[in-house]
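In what follows, a structure is listed as structure tokens, so that the remarks can point back to it.
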Amino acid sequence: MQGKSLKDKVVPYLFILPFLISFLLFFVIPSIYSFYLRFTKYPGYGQAKWLGIQNYRNILHYGRFWDALGRTFFYWLVKFIPVTVISFMMAYCLKTKDIVNNPVSKVIKPILFLPQVCATTACALVFMIIFATQTGVINQIFGGEISWIENARTSKWVVLILLIWRGAGWFMVVYLSGMTAVSQDVIEASKIDGANAAQTLRLIIIPLMKQTFKFAFIMDAISSLRMYTEAAVLTAKDAGGVAREVAEGVINLLMFNLNSGNFGMACAYGWIIFVIIFVISLFILGTFREKKEKGR
């Protein structure tokens with residue numbers, strides 16, 4: 001009996017052992033090492049030179065860092081409401097009886113999710129064709145020659161459209177799963193009590209999806225603050241002012257230092273991004289914290 005009991009305890013860990021080993025080798029150990037490297041100057045070979053907090057002093061006095069940080073928050077905050085509203089409404093429409101009972105829904109869902117499946121680079125290249133100045137689809141339809149991508153003022157909005165288009169399908173699936181978890185008995189009870197569709201949505205469905213919203217908002221913050229490929233590919237033709245003004249976020253400065261062999265500074269940028277995401281996640285968790293009733 002003791003041997004069987006020991007087997008029952010050990011076998012489950014053997015199944016997850018490959019993940020634990022890879023997680024330790026490729027995440028935990030590199031994270032601990034990068035925590036040390038952020039206080040050093042290290043070109044990738046030889047001995048690391050200890051600098052203390054000098055890397056952070058340089059970053060905080062670096063004007064491009066604050067510009068990149070503001071640009072990163074711009075893409076997150078401006079994208080946040082459209083993505084949330086569009087994806088939630090798509091999920092709500094897909095949960096209606098007319099769509100659920102319609103065989104066409106099996107085709108609609110994959111189509112709406114398709115942008116998330118496509119490679120980010122491919123999506124950005126498609127948008128380059130759509131918003132091209134001379135041969136772009138948009139300019140061809142409206143008969144203009146607007147420099148959508150070559151102009152920094154308009155290029156950032158093209159990036160935002162791309163981010164919304166790609167993100168809406170993924171968050172639609174998240175909200176759709178949250179709506180599925182809402183008990184139909186509660187919804188039917190609200191209808192019996194005389195609630196219309198808008199009241200059911202506002203007073204029943206949305207409050208019961210609080211945990212789903214919390215997860216979605218945190219994931220949106222993480223993906224937005226780590227945004228790199230979309231803007232970089234869209235502005236790849238202009239490596240000068242437009243690319244810098246539109247595409248350069250904090251993650252770009254991290255990648256630049258990695259490519260330059262300044263691993264200590266790159267690690268410092270990485271931990272700054274981690275701290276920002278951590279603080280935002282704590283704020284979201286605190287905002288959605290359940291209020292405890294008095295006496296409990």
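Kirkwood radius and radius of gyration were both taken over the C-alpha atoms of segment 1-73, and their ratio Rg/Rh is 1.31.
The Rg/Rh ratio for segment 178-232, using Cα coordinates for both the radius of gyration and the Kirkwood hydrodynamic radius, is 1.24.
Modelled this way, with points 7 Å down the Cα-to-C-beta line, the labels at residue 105 and residue 121 are 3.8 nm from one another. Using the Cβ-Cβ distance between residue 134 and residue 189 with R0 set to 51 Å, the FRET efficiency from 1/(1 + (r/R0)^6) comes to roughly 0.30. When the convex hull of its Cα atoms is viewed from all sides, segment 73-149 shows a mean projected area of 7.1 nm². Compactness of segment 16-154 is given as radius of gyration and Dmax, 23.6, 66 Å, from Cα positions. When each of the peptides 85-91, 162-168, 151-157 is scored by how many other beta carbons lie within 10 Å of its residues on average, the order from highest to lowest is 162-168, 85-91, 151-157. Counting protein heavy atoms only, segment 74-203 has 68 percent of its accessible area on carbon and sulfur, 1.4 angstrom probe.
Taking one quarter of the surface of the convex hull spanned by the alpha-carbon atoms of segment 145-202 gives a direction-averaged projected area of 6.2 nm². If you take the Cα centroid of segment 77-153 and the Cα centroid of segment 35-65, the two points sit 40 Å apart.
Summarising the amide proton neighbourhood of residue 40: residues at separation of 5 or more, or on other chains, whose placed amide H is nearer than 5 Å comprise 51.
List, in the order given, every pair from 95/214; 156/237; 41/237; 79/156; 79/210; 95/210 whose Cα-Cα distance in the structure shown is over 23 Å. Mind showing how you got there, number by number?
Details: 95/214 21 Å; 156/237 15 Å; 41/237 32 Å; 79/156 11 Å; 79/210 20 Å; 95/210 18 Å.
Over 23 Å apart, Cα to Cα: 41/237.
By the Stokes-Einstein formula, at 1.306 mPa s and 10 °C, segment 210-273 with its Kirkwood radius over alpha-carbon pairs has D equal to 121 µm²/s. Each residue, residue 49 and residue 35, gets one label point 7 Å from its Cα in the Cβ direction; the gap between the two is 2.6 nm.
Taking a 1.4 Å probe, which of 40, 180 shows the most accessible area, and what order do the others take after it?
I get 180, 40, largest accessible area first.
The slack between residue 223 and residue 203, meaning 0.36 nm per residue of separation minus the straight C-alpha distance, is 4.2 nm. For the chain, dividing the convex hull volume of the Cα atoms by the residue count gives 259 Å³ per residue. Under the membrane-span-like helix rule (DSSP H runs whose alpha carbons stretch at least 24 Å along the helix axis, mean Kyte-Doolittle hydropathy -0.5 or higher), the chain yields 2-23, 63-94, 152-181, 263-287. With all protein chains in place and ligands, DNA and RNA left out, the 1.4 Å accessible area ranks 220, 193, 67 as 193, 67, 220, largest first.
The values are calculated or read from the model by the stated rules, or taken from the named source; none is laboratory data. This is a predicted model, so every value here is computed, not measured. Every residue, glycine among them, receives a Cβ derived from its backbone with ideal geometry; neighbour counts consider all protein chains shown. These area figures cover heavy atoms from the full protein model, side chains too; ligands, DNA and RNA do not enter into them. Shrake-Rupley method; radii C 1.70, N 1.55, O 1.52, S 1.80 Å.
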